[in-house]
Amino acid sequence: MSLSGERAALGAFVTGSVLAGGNAVGVRFSNRELAPLWGAGLRFLLAAALLVAAMVALGLTLPRGRALAGASLYGALNFGLAFALAYYGFVRIQAGLGQTLLALVPLLTLLLAVFQRQERLRVGAIAGAVLAVAGIGVLSRAPLQEAVPLLSLLALLGSAVCFAQAAILVRHFPPVHPVATNAVGMTSAALLLIPGAVLFGEPIALPRRVETWLALSYLIVVGSVVVFVLYVFVLRHWTASRAAYTFVLVPVVTVVLSAWLDDEPIRAGLLLGGSLVLAGVYVGALRRGGSRPPPGTRPTIEGSLPVERR
């Protein structure tokens with residue numbers, strides 16, 4: 001990859017991670033008035049509408065064939081199932097602790113990518129993921145001090161697995177413009193989440209509280225459209241396990257926002273935990289000599305995804 005491409009990916013990675021820090025807090029506020037599946041479905045339906053409008057403005061065409069199938073499957077897994085589980089988990093788990101559990105995504109992504117022969121097992125990636133998870137644990141100290149509902153815990157762990165597999169899956173299909181990928185993906189997610197909300201008997205109603213509309217607006221415009229367009233852009237330049245380190249930068253922002261907006265306590269471990277997180281991200285994602293694809297793969301054009309030799 002060219003130096004300019006690496007810098008663009010790094011800028012997208014950092015920007016998206018910072019902006020995504022408000023997502024878990026926004027979900028907590030949304031869940032106080034909207035049922036989980038309905039809240040997630042409404043979010044992605046409106047975000048998909050914005051992305052379709054952006055496609056028209058940019059002159060982008062709808063992907064076809066395997067590209068369309070890949071974007072649809074990515075959306076069903078990354079937005080549909082993953083967010084259904086995450087929204088359920090965040091009903092009873094505070095944002096800081098929830099993001100601590102989601103900090104497992106880089107390690108899960110690496111293990112799944114190695115198992116599926118998309119990446120090699122790297123000591124640096126494992127060390128970085130362990131450092132990062134330890135840092136998030138110290139930062140919130142939640143695993144030692146909070147009574148965690150078992151089903152909520154399992155839901156968030158399941159969500160982490162879905163995020164990890166989605167990042168791997170999208171790289172097996174032809175590359176699509178990030179705006180089009182997310183437009184298709186969020187549409188497919190909404191088509192799963194909204195019927196799911198009806199099936200489970202959730203109340204279907206628009207928010208009445210101002211704070212819910214503010215949270216929903218952030219989740220739609222910033223937390224969905226901007227964040228995931230940047231995330232897919234990074235996935236086109238970096239390996240899945242490297243891009244997944246966004247999940248360990250996000251909690252640092254989340255804990256601060258959750259303390260400010262949701263009265264979640266910040267303890268003395270913030271400085272130490274944050275330092276461990278940054279060290280883990282550097283070792284696992286930013287240090288030179290990062291992930292390389294396994295033998296039998298080759299790049300297509302600059303900035304695109306590896307294609308397996310048949």
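Taking the condition closer than 21 Å to VAL170 by Cα, touching a residue at least 60 places away in the same chain (Cβ under 8 Å) and either out of contact with any helix residue (DSSP H, G or I) (no Cβ under 7 Å at 6 or more places or on another chain) or surrounded by fewer than 16 Cβ atoms within 10 Å (Cβ to Cβ) (or both), does ALA67 pass? Against the criterion (closer than 21 Å to VAL170 by Cα, touching a residue at least 60 places away in the same chain (Cβ under 8 Å) and either out of contact with any helix residue (DSSP H, G or I) (no Cβ under 7 Å at 6 or more places or on another chain) or surrounded by fewer than 16 Cβ atoms within 10 Å (Cβ to Cβ) (or both)), ALA67 qualifies. A residue that is at pLDDT 90 or above, outside any loop (DSSP other than H, G, I, E, B), more than 15 Å from the chain's Cα centre (by Cα) and aliphatic (A, V, I, L, M) occurs somewhere in segment 161-179. Looking at segment 204-228, which of its residues are touching a Pro at 6+ places or on another chain (Cβ under 8 Å) and either modelled with pLDDT under 90 or surrounded by fewer than 21 Cβ atoms within 10 Å (Cβ to Cβ) (or both)? Within segment 204-228, TRP213 is the sole residue that qualifies.
Within segment 257-270, at least one residue is of a type in the set (D, E, K, R), in a helix (DSSP H, G or I) and at pLDDT below 75.
Here is the figure for segment 204-233: residues that are part of a loop (DSSP other than H, G, I, E, B) and not hydrophobic (A, V, I, L, M, F, W, C) total 3.
For ALA147, the conditions (1) of a type in the set (A, V, I, L, M, F, W, C); (2) part of a helix (DSSP H, G or I); (3) out of contact with any helix residue (DSSP H, G or I) (no Cβ under 6 Å at 6 or more places or on another chain); (4) modelled with pLDDT under 80 all hold with the exception of (2). Being part of a loop (DSSP other than H, G, I, E, B), modelled with pLDDT under 70, closer than 30 Å to PHE29 by Cα and among the basic types (Lys, Arg) is a description that does not apply to ARG310. The one condition from (1) modelled with pLDDT of 90 or more; (2) surrounded by fewer than 23 Cβ atoms within 10 Å (Cβ to Cβ) that ALA142 does not meet is (1). Residue selection: ALA129 fails the criterion of being at pLDDT 90 or above and part of a helix (DSSP H, G or I). Among residues of segment 157-178 that are over 17 Å from VAL234 (Cβ atoms), those with a beta-carbon under 6 Å from a residue that is in a loop (DSSP other than H, G, I, E, B) and not acidic (Asp, Glu) at least six positions away or on a different chain give the pairs ALA160/LEU104. Among all positions in segment 75-92, there is no residue which is farther than 22 Å from ALA197 by Cα and either modelled with pLDDT under 95 or touching a helix residue (DSSP H, G or I) at 6+ places or on another chain (Cβ under 6 Å) (or both).
The values are calculated or read from the model by the stated rules, or taken from the named source; none is laboratory data. Fair warning: this is a prediction, and the values are worked out from it, not measured in the lab. So basically every Cβ, Gly included, is an ideal-geometry build from the backbone, and we count neighbours across all protein chains shown.
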